[in-house]
1. When you go through Gly29, Gly39 one by one, which is the residue that is surrounded by fewer than 17 Cβ atoms within 10 Å (Cβ to Cβ) and on the phi > 0 side of the Ramachandran plot?
2. Is it true that Pro80 is at pLDDT below 85 and either touching a strand residue (DSSP E or B) at 6+ places or on another chain (Cβ under 6 Å) or in a loop (DSSP other than H, G, I, E, B) (or both)?
3. Is it the case, given these coordinates, that Leu100 is more than 23 Å from Glu138 (Cβ to Cβ), modelled with pLDDT under 90, surrounded by 11 or more Cβ atoms within 10 Å (Cβ to Cβ) and of a type in the set (A, V, I, L, M)?
4. When you scan segment 64-79, how many residues do you find that are among the hydrophobic types (A, V, I, L, M, F, W, C) and without any contact (Cβ under 8 Å) to a residue 12 or more places away in the chain?
5. Tell me which residues, restricted to segment 83-94, are in a loop (DSSP other than H, G, I, E, B) and at negative phi.
6. Suppose the filter is modelled with pLDDT under 90 and assigned to a loop (DSSP other than H, G, I, E, B); does Gly33 pass it?
7. Looking at (1) modelled with pLDDT of 90 or more; (2) in contact with a Ser or Thr (Cβ under 8 Å, 6 or more places away or on another chain), find the lone condition where Gly15 falls short.
Amino acid sequence: MTKRRDLFMLVPAPGRADEALIRLSNWLGELDGHPGYLGGAVLRESAGELLPDTMVLMLEFESTAAARALWPKLRGLQTPVTPDGDDRNPPDQGRVLFELPDPPALGASNDDPEPAAPTLDYNRGGGMLARLLHVHAEAVHEFAATGVPAHQH
């Protein structure tokens, strides 16, 4: 069986980053027990290259079939990744990643005004999150560094 990972790039609504981190982290545990769900992780962008507080939710499944079996169970439920309201398939908003201003040049004045933040539709998790991207990926090769205990993989 080939492992599958689902990756969600999400941006919390202004002022809701801590709440989003807690909700995403708790939701990983709520999925425990779904057949074929192996766990997951919540990652936060840390280099300042994306929108502030950008997070990546990673779900790992034993197979694509196990991943696909989860989504029908979530229909009609409010989760951090399912759309709010009746619109079951709002488009991803990843285009904003290509609209971000260039970082300030070295030695640039701090007096320059901050560029306007892109407009996002926070349509996940009860208005808490905007989904930029969702990637379905099968693991085609994995490597574990020598000397790293198995529980750290």
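1. Details: Gly29 fails: on the phi > 0 side of the Ramachandran plot.
The conditions single out Gly39.
2. Values: at pLDDT below 85: no; either touching a strand residue (DSSP E or B) at 6+ places or on another chain (Cβ under 6 Å) or in a loop (DSSP other than H, G, I, E, B) (or both): yes.
Taking the combined requirement at face value, the residue does not satisfy it.
3. Details: more than 23 Å from Glu138 (Cβ to Cβ): yes; modelled with pLDDT under 90: yes; surrounded by 11 or more Cβ atoms within 10 Å (Cβ to Cβ): yes; of a type in the set (A, V, I, L, M): yes.
Yes; evaluated as a whole, the condition is true for this residue.
4. Quick first cut of segment 64-79, residues among the hydrophobic types (A, V, I, L, M, F, W, C) only: 65-67, 69-71, 74, 77.
The next check asks that each one be without any contact (Cβ under 8 Å) to a residue 12 or more places away in the chain; those that pass are 71, 74, 77.
Residues meeting the conditions: 3.
5. Passing the criteria: Asp84, Asp86, Asp87, Arg88, Asn89, Pro90, Pro91, Asp92, Gln93.
6. On the way: modelled with pLDDT under 90: no; assigned to a loop (DSSP other than H, G, I, E, B): yes.
No; evaluated as a whole, the condition is false for this residue.
7. Every condition holds for Gly15 apart from (2).
Each row is one residue, and each column tells you yes or no for (1) outside any helix (DSSP H, G or I); (2) of a type in the set (Val, Ile, Thr); (3) touching a Leu at 6+ places or on another chain (Cβ under 6 Å).
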| residue | (1), (2), (3) |
| --- | --- |
| Asp18 | no, no, no |
| Trp27 | no, no, no |
| Leu50 | yes, no, no |
| Glu60 | yes, no, yes |
| Ala66 | no, no, no |
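The values are calculated or read from the model by the stated rules, or taken from the named source; none is laboratory data. What you are looking at is a predicted structure, and each value in this text was computed from that prediction instead of being measured. All Cβ positions, glycine included, derive from the backbone under ideal geometry; neighbour counts span all protein chains shown.
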